[in-house]
Every structure is written in C-alpha cells, then in structure tokens.
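The values are calculated or read from the model by the stated rules, or taken from the named source; none is laboratory data. None of these values were measured; they are calculated from a predicted model. Positions of Cβ are generated from backbone atoms using ideal geometry, with glycine treated the same way; all protein chains shown enter the neighbour counts. Remember, those area values only see protein heavy atoms, side chains included, never the ligands or the DNA or RNA. Shrake-Rupley method; radii C 1.70, N 1.55, O 1.52, S 1.80 Å.
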Amino acid sequence: MAGLTLLCSLLLMLSSVEAKPGVLTQIENLTNSNPAFLRYPTQFTQNIMTKQIHSHNDYWRDVPLLRAISLGVASVEADVWIVDGQLLIGHEPAALTTDRT
C-alpha cells in the first residue's frame, strides 16, 4: 500500500508540471492495474531504525533504494526525467537509459 501511496504522490506532483501527453495516463493505468511490483512488502522495514542519512544519487548503488531503506536511510535522491513519455533515472541527459529505470 505504501508503494501505491508513493505512486499517487508522484502522480500528483507530476500533474503540476508540463508532462508530455500520455505520461499521466500511463501512471494512472499502472496504478489502477495494481501489479505485484507496486505492493510494498510491509515486513521489509520491520525493526529498521531510521537514521539521519541522505543517499545522494542513489541509483548509482548496486541495489538502488532498497539497500538504502534496509540501512534505515531517511532521505534518498534520484534525478527523474521524462523522455519521450517515459520516466528515466540518471544524473544528466547523457546518462539516461531504460536499463537503469
């Protein structure tokens, strides 16, 4: 449910920017289809104490986001871009690839 909440928050955030036609519809369709990869494993963060740590450019890690969460990192950064109707992760346009996202 937390993953769904995160995706809905992203959808609201994206609604305030000029997205290319179709991106918001794709996100809404994904959310409504309720795929397994959007379901947050509630036991994943059990017994993890949050620490005041920031993971800068987290997508450079071997296991982005989940590794930071498992260590109790309180803040995670990722540069998100919309390119040709797709959300891509990367520090700069030259680094964008669908393999990372």
Out of ILE69, ILE89, I need the residue that is in contact with a Ser or Thr (Cβ under 6 Å, 6 or more places away or on another chain) and either closer than 26 Å to GLU28 by Cα or open to solvent by less than 50 Å² (accessible area, probe 1.4 Å) (or both). Which one? ILE89
Inspect all residues belonging to segment 67-77 and state whether any of them is touching a strand residue (DSSP E or B) at 6+ places or on another chain (Cβ under 8 Å) and under 15 Å from ARG100 (Cα atoms). yes
For segment 57-72, which residues satisfy the criterion of being of a type in the set (Asp, Glu) and more than 11 Å from the chain's Cα centre (by Cα)? ASP62
It is to be established whether one or more residues within segment 17-28 are hydrophobic (A, V, I, L, M, F, W, C), modelled with pLDDT under 70 and open to solvent by 50 Å² or more (accessible area, probe 1.4 Å). yes
